[in-house]
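J.: The structure's right below; bear with me while I get my questions together.
The values are calculated or read from the model by the stated rules, or taken from the named source; none is laboratory data. Source: prediction; values computed, not measured. No Cβ is skipped: glycine too gets one built from the backbone with ideal geometry, and neighbour counts run over all protein chains shown.
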Amino acid sequence: MPHIKFKPISSQTLEDITQRCNAVTFRADALSGDGECVLGARYGGEEFLLQLKRAPKSDMLKYDKVTRPLKVNLIKEVLAKLSDEFGLEIEHSNISISEHRQQPSSKYLKKIKDFESINIPFKRVAIEVGFGSGRHLLHQALQHPDRLHIGIEIHTPSAQQVLRQIDIQGLENIWVVNYDARLFLEMLPSNICEQIFVHFPVPWDKKPHRRVISQGFTDEALRILVPQGRLELRTDSEAYFWYSLESFFALSKAQVVIEKNKNLAVVSKYEARWRKQEKDIYEVHLTAEKFSSPKVLTVDFSFGKVRYHSKILDNLPPKSIIMDDYFVHFEKLYKIGDDGLLIKVAFGSFDRPEHKYIILDETECRYYSSNPVKTGVNYLAHQKIMEYLYV
């Protein structure tokens, strides 16, 4: 985490940084009274925030993780610039710029925003949700070289491990997405996928609302599957098996096949362990029976005529707004001068929420520094946010 720790600076030095540093665009002071403030930075073609933490014996400047730029060295360069230009008395620092060439991101690692407009260079597509060690994903890619295999994994080390294997094995038909599968499916066109593998998802027996199999996920899966395409669930949990059957049979029409203790050509280390323990393995196949209409999602994350007004502060609720499918929580408020506001807000999906800042003054209102991901729940939450900002 790039940061500098230095002897406390005066209010005048902080004002000088705000007014005289060409990399700093504004200062926002927390209304919570804890002395925290953030500095808006525009540098190297990117916008991001720096947090200033005040303490009696030392101050600290560090990056804000919500707005962290892709190039971490930009943060280090701005911190070094502030230190040099304003004579900060550094007590500790970790901002040395690496002279070694940074390893480029893998072209097989796709961000969720890539799918807002993406060209898929394969006629056939399969998706694996929660690929873990990646054994099954890699096996499928080797067996079907003419098919694109999109692996979705929320656990970052697992995603990195598979990216290394892609490079070692010279595979060109795998994309890795480090994101929540339930939101990812919303980004895909209808009738694009021939198989969806959900192997050994977390059972979440005590928190069933967190299970990947749900009405929303099933509806989206059937939409993106081609006619006769198949969703394949594999689980060692008898409770999850019965729960999934109940979910599938809740559909108005369903073609379901059940298998038990079927052997696969490749198994995960967990399945191998469960088989040694003689646990039963359940498999449920749900087949898409019809062609789905194209999904049209018109999403506009602009704020229209919303502008700063002092009454906004009285309008924002202190507690989370909980709706059936999404939530909104105004986490922290910062004042920018006399006529500006910076709002830290969490919203959208309960299990994979967006964290964003909203900046507004008398001339504009926008997300800082980028818009949310274009999903239905994010758009619903955005509309709710606007209700509280428009006064």
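J.: Can you name the residue in region 104-130 that is under 14 Å from I174 (Cα atoms) and of a type in the set (D, E, K, R) and is also nearest to the chain's Cα centre (by Cα) among such residues?
T.: Filtering region 104-130 for residues that are under 14 Å from I174 (Cα atoms) and of a type in the set (D, E, K, R), the one nearest to the chain's Cα centre (by Cα) comes out as K111.
J.: Right, here's the next one. Kindly check whether there is at least one residue in region 257-271 that is in a helix (DSSP H, G or I), on the phi < 0 side of the Ramachandran plot and exposed (fewer than 13 other Cβ atoms within 10 Å of the Cβ).
T.: yes
J.: Is it the case that R230 is at pLDDT 90 or above, part of a strand (DSSP E or B), basic (K, R) and outside the structural domain of G376 (by TED's automatic domain parsing)?
T.: The answer is yes for R230.
J.: Next question. Please count how many residues of region 168-216 are among the hydroxyl-bearing types (S, T, Y) and within 19 Å of L137 (Cα to Cα).
T.: Here the count works out to 1.
J.: Looking at region 50-65, which of the residues that are of a type in the set (A, V, I, L, M, F, W, C) and crowded, with 17+ Cβ neighbours inside 10 Å is nearest to Y368 (Cα to Cα)?
T.: L50
J.: If you take the residues in region 209-218 that are under 21 Å from the mean Cα position of the chain (by Cα) and either under 12 Å from E289 (Cα atoms) or of a type outside the set (A, V, I, L, M) (or both), which one is surrounded by the fewest Cβ atoms within 10 Å (Cβ to Cβ)?
T.: Among those that are under 21 Å from the mean Cα position of the chain (by Cα) and either under 12 Å from E289 (Cα atoms) or of a type outside the set (A, V, I, L, M) (or both), it is H209.
Yes/no matrix, rows are residues, columns are (1) farther than 22 Å from E194 by Cα; (2) touching a helix residue (DSSP H, G or I) at 6+ places or on another chain (Cβ under 9 Å); (3) not assigned by TED's automatic domain parsing to the domain that holds Y270:
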residue: S117; (1), (2), (3): no, no, no
residue: G130; (1), (2), (3): no, yes, no
residue: G134; (1), (2), (3): no, yes, no
residue: L138; (1), (2), (3): no, yes, no
residue: H149; (1), (2), (3): no, yes, no
residue: I152; (1), (2), (3): no, yes, no
residue: Q161; (1), (2), (3): yes, no, no
residue: D167; (1), (2), (3): yes, no, no
residue: N173; (1), (2), (3): no, yes, no
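J.: Tally up the residues in region 337-391 that are in a loop (DSSP other than H, G, I, E, B) and either within 30 Å of L14 (Cβ to Cβ) or among the small types (G, A, S) (or both), please.
T.: 9
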